[in-house]
There are 2 protein chains.
Amino acid sequence: MREKTLEEYLGCPFHLAMNTLEGKWKFAILYVLLDKGTLRFKDLERAIPDISTRMLVKELKHLEEKKVIVRKAYAEVPPRVEYSLSEIGKSLSPVIDSISDWGKSYANSLSEK
Amino acid sequence: MREKTLEEYLGCPFHLAMNTLEGKWKFAILYVLLDKGTLRFKDLERAIPDISTRMLVKELKHLEEKKVIVRKAYAEVPPRVEYSLSEIGKSLSPVIDSISDWGKSYANSLSEK
DNA sequence: AGAAATACTCACATAATTGTTATTACTTCA
DNA sequence: TGAAGTAATAACAATTATGTGAGTATTTCT
């Protein structure tokens, strides 16, 4: 499938958003960054135990390129790299919250009946 | 990766929600169903032009099993099958809306600077 | 008679994701 | 002295996820 141009996405903000956030782990990363603020690489791995190192690297790189998160590296040993949300990234909190809220309702609706 | 039990998901509504909604096409399907109400299979294909028949079948089946959408088949020729959101499915509208809203902000933040 | 319409299903092919193990370089702690 | 800690990167195999192209059955329309 051909990658769409920005112009095409601009016509559909929902499409643009999903293109930026799609993938198995993006929402999970955003969830923990919103919750914890700033995290080092290793902390992210611990916060999302099921993700592989490779995938975490990939997803972080993607989100950084898309300007959703910010990477800050310190010249220390052992190395220290901190990840946090950009301003536009922080504005994802209503998205994450609404998903979390829906999850609660959904859990209730499943345990009823 | 081992599939988690419902009990494990219940501890984290966000996790439960994402497990239900993950995959490349779920949000797109929910988006059009929220917008259009009820759609036949072929209408869904037309509304989401990039999806393959196979994936649409799979995702619809998954969402039906998870009680998020409802499938209604009529004994006609040519066949008619209508898909719509369940009650809990309809309650996803804040999720879809917040994603759409974020997409707008994001598009603005990209065209600035 | 033949084409069009629908809601799939099937077999096969490619792409995405994961698991595993190893490596780097330097400092702190035991 | 030697292990632990960090943030990756790399190579390989294995497993999932997704895509492609074709086909089915039956009625209506041309």
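Answer rounded, prolate or oblate for chain B, using the Cα gyration tensor with square roots of eigenvalues a ≥ b ≥ c: rounded when a/c is under 1.5, else prolate when a/b is larger than b/c, else oblate.
Values: a/c = 1.97, a/b = 1.19, b/c = 1.66.
Cα axes put chain B in the oblate bin.
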Problem set entry | Lysine pair count for chain B [Cα-Cα under 12 Å; pairs on different chains or 8 or more apart] | 6
Exercise. What size of dipole, in debye to the nearest 20, comes out for chain A about its Cα centre when the only charges are +1 on Lys and Arg C-beta atoms and -1 on Asp and Glu C-beta atoms?
Worked result: 300 debye
For this session: Work out which GluC sites (Glu not before Pro) in chain B are exposed loop sites (DSSP not H, G, I, E or B, at most 11 other Cβ within 10 Å) and give the longest gap free of them.
Result: B:4-75
Exercise. Average partner chain C-beta neighbours within 10 Å, per residue of A:86-99?
Worked result: 5
Exercise. Computed FRET efficiency, Cβ-Cβ of B:VAL70 and B:ASN19, R0 25 Å: what is it to the nearest 0.05?
Worked result: 0.80
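Counting each DSSP H run of 4 or more residues in the protein assembly as shown as -39500 (n - 2.57), what helix-only mean residue ellipticity at 222 nm follows after dividing by all residues, to the nearest 500 deg cm²/dmol? Please report the intermediate quantities before stating the final value.
Details: 14 runs with 136 residues, N = 226.
It lands at -17500 deg cm²/dmol.
Given 0.36 nm per residue, what is the gain on full extension from B:ASP97 to B:LYS61 after removing their alpha carbon distance, in nm?
Details: separation 36, 0.36 × 36 = 12.96 nm, distance 2.39 nm.
Between B:ASP97 and B:LYS61, full extension yields an extra 10.6 nm.
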For this session: Taking 7 Å along the Cα-to-C-beta vector as the label spot, tell me the B:ARG46-B:VAL81 distance in nanometres, rounded to one decimal.
Result: 1.8 nm
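Taken together, the values in this text are just the output of simple stated rules run on the coordinates, not laboratory data. This one's a predicted model, so the numbers in the text were calculated from it and none came from an experiment. We place every Cβ from the backbone using ideal geometry, glycine too, and count neighbours over all the protein chains shown.
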